[in-house]
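S.K.: Please find one structure pasted underneath; my questions will follow.
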Amino acid sequence: MAVSGRLAQLRVRHMMLLDLIAEGGSLSKAAEALAVSQPAVTAMLQELEGVLGVQLVERDRKGARLTTIGAATHARLRQVLNALNGLESGLTMAPKVHHLRVGVLTTAMLELVPDAVAKLRRHGPQTSFQFFEDTVENVVNGVLDGSLDCGIGRIGTGVLQSANSKRLQITQIQKAAMKVVGAPTHPICALDRVKLAALLDYSWILLPRGSQSRAAFDDAFVQQGLVPPLPVVESLSFYSNFHLASKTDLLTIAPSAALEHFAAANIVKAIKIRWPIGLSPFMFFCLKEMSDGAAISAFRTALLAHGRLRKD
């Protein structure tokens, strides 16, 4: 695709300029970061605004700030800079042919991602990876702004219904059941069948409000007209929660995939109850224009193969 004559005048420093002004709030700080004089930065800004034909920055006694259209332009230029950074990262990984920057939920790194990477190592194109474990919101934003090539996470309906979701190619990988667990010696683990109402009599370790696991816990009780029990302990890590449960009389709840290794090691044990609400499934997502890339396609296929083999 040919670049227009005006855009061909842009250099990487032009693209960095808005980022530095937005971060530092002044042309002098941008000049310091670029190791040039302030008049040189002013000239660069004038060149950038002249090429694009719009005012990007407003200046007053307090410093400099982006205009509304400047902020929108900044977001677009950040995508270009992030793509260039991705290219640089891939080149430093030589002689690997492909390189992927992947945002991922921590629970996906336990089984789903390792199995997919192992499959690619055997049968896929040569690929190097950088994994960034973060919240779904940050991973989605990273994919949208180009700092990540793809992401794996549980996307809620809010993201799926947003305007930005139209830019994403989203593929369902794996559904997730929830399991209630306690220490192997906990009396409730010996029962053949447990009803939801009986769980009100026990104390809990739960993830904080706002997490999908906490919502799946609370909603199960609410749907049966019960008040969800409040936790004795709140902790964001499933793995910390398992160890806490193993040493106490507290119960906790977690996705079945997160539980397997801890149950096999007899650290905790699942209670015999079918939880009525599951988590949103794991999704693989990338920008639509990136979805046909060889490395992304192969990684997605490997993840799907794991999802088909495993059924909670």
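The values are calculated or read from the model by the stated rules, or taken from the named source; none is laboratory data. Everything numeric in this text was worked out from a predicted model, so none of it was measured. So basically every Cβ, Gly included, is an ideal-geometry build from the backbone, and we count neighbours across all protein chains shown.
S.K.: K288 is checked against (1) surrounded by 13 or more Cβ atoms within 10 Å (Cβ to Cβ); (2) under 30 Å from the mean Cα position of the chain (by Cα) and fails just one. What number does that condition carry?
M.R.: Here K288 clears every test but (1).
S.K.: Kindly list the number of the only condition in (1) over 16 Å from A254 (Cβ atoms); (2) more than 22 Å from the chain's Cα centre (by Cα); (3) surrounded by fewer than 16 Cβ atoms within 10 Å (Cβ to Cβ) that fails for F221.
M.R.: Of (1) over 16 Å from A254 (Cβ atoms); (2) more than 22 Å from the chain's Cα centre (by Cα); (3) surrounded by fewer than 16 Cβ atoms within 10 Å (Cβ to Cβ), only one is false for F221: (3).
S.K.: While we're here: Within the set of pairs 6+ apart or on separate chains, which have a first residue in the stretch 139-152 that is not assigned by TED's automatic domain parsing to the domain that holds R167 and outside any loop (DSSP other than H, G, I, E, B), a second that is among the charged types (D, E, K, R) and surrounded by fewer than 23 Cβ atoms within 10 Å (Cβ to Cβ), and C-beta atoms under 9 Å apart?
M.R.: Correct list of pairs: empty, since none qualify.
S.K.: Which number in (1) over 28 Å from Q172 (Cβ atoms); (2) hydrophobic (A, V, I, L, M, F, W, C); (3) touching a His at 6+ places or on another chain (Cβ under 9 Å) marks the one condition that L230 misses?
M.R.: (3)
S.K.: Ok, one more. Can you tell me which residue is farthest from E234 (Cα to Cα) among those in the stretch 166-186 that are surrounded by fewer than 18 Cβ atoms within 10 Å (Cβ to Cβ) and either modelled with pLDDT of 95 or more or in contact with an Asp or Glu (Cβ under 8 Å, 6 or more places away or on another chain) (or both)?
M.R.: The selected residue is K175.
S.K.: Residues in the stretch 280-304 that are of a type in the set (G, A, S), at pLDDT 90 or above and under 20 Å from L105 (Cβ atoms): how many?
M.R.: Residues flagged as of a type in the set (G, A, S), at pLDDT 90 or above and under 20 Å from L105 (Cβ atoms) within the stretch 280-304 amount to 1.
S.K.: On to the next question. Taking the stretch 233-262, which residues are assigned to a loop (DSSP other than H, G, I, E, B) and loosely packed, with under 15 Cβ neighbours inside 10 Å? It would help to see each step written out before you state the result.
M.R.: Step one: filter the stretch 233-262 for residues assigned to a loop (DSSP other than H, G, I, E, B), giving 235-237, 247-250.
Across the stretch 233-262, the qualifying residues are L236, S237, K247, D249.
S.K.: If I ask for residues that are in contact (Cβ under 8 Å) with a residue 40 or more places away in the chain, in contact with a Lys or Arg (Cβ under 7 Å, 6 or more places away or on another chain) and not in a helix (DSSP H, G or I), which ones from the stretch 202-232 would you list?
M.R.: Across the stretch 202-232, the qualifying residue is only L206.
S.K.: Which ranges mark the strands (runs of 3 or more DSSP E) fully within the stretch 4-117 that have 1 or more residues being at pLDDT 80 or above and exposed (fewer than 14 other Cβ atoms within 10 Å of the Cβ)? Break it down into steps so the answer makes sense when it comes.
M.R.: Values: elements: 57-60, 63-66, 98-104.
Result: 57-60.
S.K.: Let me ask something else about it. When you look at A215, is it among the small types (G, A, S), out of contact with any strand residue (DSSP E or B) (no Cβ under 7 Å at 6 or more places or on another chain) and under 19 Å from G153 (Cα atoms), yes or no? Give the derivation first.
M.R.: Numbers: among the small types (G, A, S): yes; out of contact with any strand residue (DSSP E or B) (no Cβ under 7 Å at 6 or more places or on another chain): yes; under 19 Å from G153 (Cα atoms): yes.
Yes: the conditions hold for A215.
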